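Here the structure is laid out as structure tokens; the discussion comes afterwards.
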Amino acid sequence: MTGGTRRRPRAARRSTVAAIALMVGGAGLIAVNTYASASETNETDQSGTTRLAAGAAGSTVDCPEVADSLPELSEKALAGVSDELAAMDTQVTDAYQRLTRMGTAPGAGEKVKGEVLDPLEKSRAESIGRITDSIGKSTGERPSGLDDLAACEVRTAPGGTTGNGSGDAGADGKGSGDKGSGDQGTGGDGGTPPAAGGENGNGPEATDFVDIRTVRPNVNRAPEARSGASRGSFSVDCGVNENKNYNTDNVIVAPGVTNGAHHTHDYVGNQDVNAFSNNDTFAAAGTSCDAKGDKSSYYWPVMRVQDGTQEFDQNNDGGGKEGNVGKILTAKQAEIKYVGSPTSKVVGMPKFLRIITGDAKAFTNGTANANAHFSCTGFEDKVQLTDKYPICPKGSDVVRSFAFQSCWDGQNTDSANHRSHVAFADANGNCAGGFKAIPQLTMRLVYSVPTPVIANGQVKNAYAVDGFPEQLHKPINDHDDFISVMDQNLMNQVVDCLNKGRNCGAGTPPENGNGAGKGDDDGGKGNGESDDKGGQGGNDGKGGNDGKGDNGKGDTGNGGATEAPAKGGTPNGQDEAKGSGSSGDEAVKSGGTAGADAPRTESTVASEAQRAQSGANPDTSASPSAVSRPEGGEDQEPAGSVNPAPQAEGSQGSLAETGSQLWPAAAGALMLCAGLVVLLRSRRHTARR
């Protein structure tokens, strides 16, 4: 009996110790989880002051766009106005950077007003005053209403990327849609304020990405071309900026202003483009294009992968100093092509015509001028995204594509807002208001991008397009710029090619037969215009006779190809032997059918351009609440399965993220409760004995 009475207190003590251990461990888990959650959003400086991380909660500075409210101006007046508009961009950028350094202590709202918004409004009002004076001296009439555009605000969920849906494409084909009833979000609830993201704290974030296999197909058929349409296409090869021609200027929007873009551009074509270039220097410059008569400037924001790489501009304006960080990616392909109108013949572009498509500030401006298109090779005919970066499956590359405005006012090469002199065709493909159809510039940029990884609401290995820092690297901001500097002979060739329904230009494979001239659609003789290459047959397979090429007949293939196949092959990568090649150039060499990674055929490019003109909806991403995998994707689930999109999994406040972030606290609570139960039972047992 004595031994028994000794064992009981020892067991009780063990139970008590175990209970205390459980309780301490549980409390520790809860504390650690709480600290970690706080650390994800805020940071503490050496003085112990908690500060907002850069871009925390998606906070940014939102200002009205003054350029959109300007009247038409003379070239002389426009120069002075452009200087002030560029200065206002710098003012907003500086204000955003001050905002990111603000403290979160009580009264921070008043501090933001006093140290960010009030000084910004004052400086903008002064710039607007100078703009008004300049216009008044030039036109004799001071514009009204500009003073009302001086005030700005801090927004925590601006733009159209954080809501729960996407606007439909507008009649202009740009996918502009409505803002919705929320706080400028595309969803009805205005969206959830995003968390800080990106290597430099100003984006992108997890909700900016989506696995493209989970998005329902949203690309519609192009409208049928009418009688009198210009069905042709003309390709130019200007390279992919292999020589690293970069700068952070924008000679269209901010001529004479260094770092006027506040982000880095790739340049192909004209090799003398910077803030101080003009029409004379454009005409005298060299070109990276194969056709030396094309000195046009084609430029776009660089794409970077945020992998910690210290690029050459890491400490420069427009680069790391303004949140544009990481390794600059050079496109694998830069396909530049002009296509015709689905309803009429086209007229030539005037020399030095300037066009901007898309809006570098669409996140804060709204989607009225947005024209971003993202997809993956193998998915382009099914899915186009405007407000998400795609996560592509293994073996598929990221694609950015653009379809520029195709209607011109017939008089001006530029306008005060750099938009009103050109326009998109209406839903029927017609140019309204006396505008004339011109060759529509289309561009397709293909990138090999390391796959982003989303976990616990954060994105690792993110990629993004460069932009103004306050635009938080949202995909909706993607844009493209163009200055036409073709000589008249080449422009005439482009117009003739489009209006006669031919497929011409650099890298254009023969339609049937191995010549490279330009045969008519119904066959007959090619005209041998392509330098020393042979004449090309028409669509009935009869080779042209004017050039040096043979008259071979080729069967029709299905894939894409970048070089002409040998011996009577067709442009789609399949020769008479009908081999089974893999993709791209390899398919051409082997005589096989190109695979998903091959470039698009002319018909694909033309149909996408026509969709943009017709008001079809090629770029509306599906709501994450109802998505399915398109056919043909790699590693797909069985047919009929529905999978949540990654942005739903990684969205702040989603069930998936909530579970992943709170499970340590939940486990700690269970351990704490278990410890209390064990302790109570042990005490009761001891009391009974």
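Derivation of every value follows stated rules applied to the coordinates shown; laboratory data play no part. The shown structure was predicted, so the numbers you read here are calculated from the model rather than taken from an experiment. Cβ coordinates were reconstructed from backbone atoms using ideal geometry, including for glycine residues, and neighbour counts include every protein chain displayed.
Could you list which residues have their amide H under 5 Å from that of residue 504, counting only those 5 or more apart in sequence or on another chain, with H placed in the peptide plane? Hits under the 5 Å cutoff: 233, 234, 235. Using the Cβ-Cβ distance between residue 420 and residue 156 with R0 set to 35 Å, the FRET efficiency works out to roughly 0.60.
Counting alpha carbon pairs within less than 8 Å and at least 6 residues apart, what relative contact order, in whole percent, applies to region 260-371?
Answer for region 260-371 is 20 percent.
Treating r as the C-beta distance of residue 332 and residue 453 and R0 as 30 Å, the FRET efficiency rounds to 0.85.
Its alpha carbons give region 228-333 an Rg and a Dmax of 15.4, 54 Å. Computed from backbone phi, the HN-Hα couplings of region 395-404 come to x, 10, 10, 6, 10, 10, 9, 9, 10, 7 Hz, rounded to whole numbers (Karplus: 6.51 cos²θ - 1.76 cosθ + 1.60, θ = phi - 60°; Gly and Pro given as x). Compute the label zone of residue 412 within region 343-363: residues whose backbone N is under 14 Å from the point 7 Å along Cα-to-Cβ. 353-356, by backbone N distance to the label point. Listed peptides 468-481, 290-303 appear in the order 468-481, 290-303 once ranked by packing, highest mean of other Cβ atoms within 10 Å at the front.
Proximity of backbone amide H atoms, modeled 1.01 Å from N, is registered between residue 353 and 484 at under 5 Å, excluding neighbours fewer than 5 places apart on the same chain. Computed from phi, the 3J(HN,Hα) profile of region 231-238 under the Karplus parametrisation 6.51, -1.76, 1.60 (θ = phi - 60°) reads 8, x, 8, 9, 9, 10, 10, 10 Hz, with x in place of Gly and Pro. Taking 7 Å steps out from each Cα toward its Cβ at residue 144 and residue 101 produces label points 4.2 nm apart.
Working note: Karplus 6.51/-1.76/1.60 with θ = phi - 60° gives region 345-359 the couplings 6, 10, 10, x, 6, x, 5, 6, 4, 10, 9, 10, 10, x, 9 Hz, where Gly and Pro are set to x.
Computed from the C-beta positions of residue 312 and residue 226, the FRET efficiency with R₀ = 35 Å rounds to 0.10.
Taking only the C-alpha atoms of region 271-420, the Rg (one decimal) and the largest Cα-Cα distance, Dmax (whole number), read 17.8, 50 Å.
Place a point 7 Å from the Cα of residue 345 along the Cα-to-Cβ direction; which residues of region 195-234 have their backbone N under 17 Å from it? The answer is 226-233. Pairwise inverse Cα distances across region 64-147, averaged and inverted, put the Kirkwood hydrodynamic radius at 14.1 Å.
Stretched out straight at 0.36 nm per residue, the stretch from residue 352 to residue 72 would grow longer than its current Cα-Cα span by 99.0 nm. Cα centroids of region 78-133 and region 287-316: how far apart, whole angstrom? Value for the Cα centre distance between the two parts: 29 Å. Model label points for residue 281 and residue 242, set 7 angstrom from Cα along the Cα-to-Cβ axis, are 2.6 nm apart. For residue 347, the amide hydrogen comes within under 5 Å of the amide hydrogens of 437, 438, counting only partners 5 or more places away or on other chains and with H modelled in the peptide plane.
Rounded if a/c is under 1.5, else prolate if a/b beats b/c, else oblate: with a ≥ b ≥ c from the C-alpha gyration tensor eigenvalues square-rooted, which is region 393-438? Prolate shape, in that a/c is at least 1.5 and a/b is the bigger ratio.
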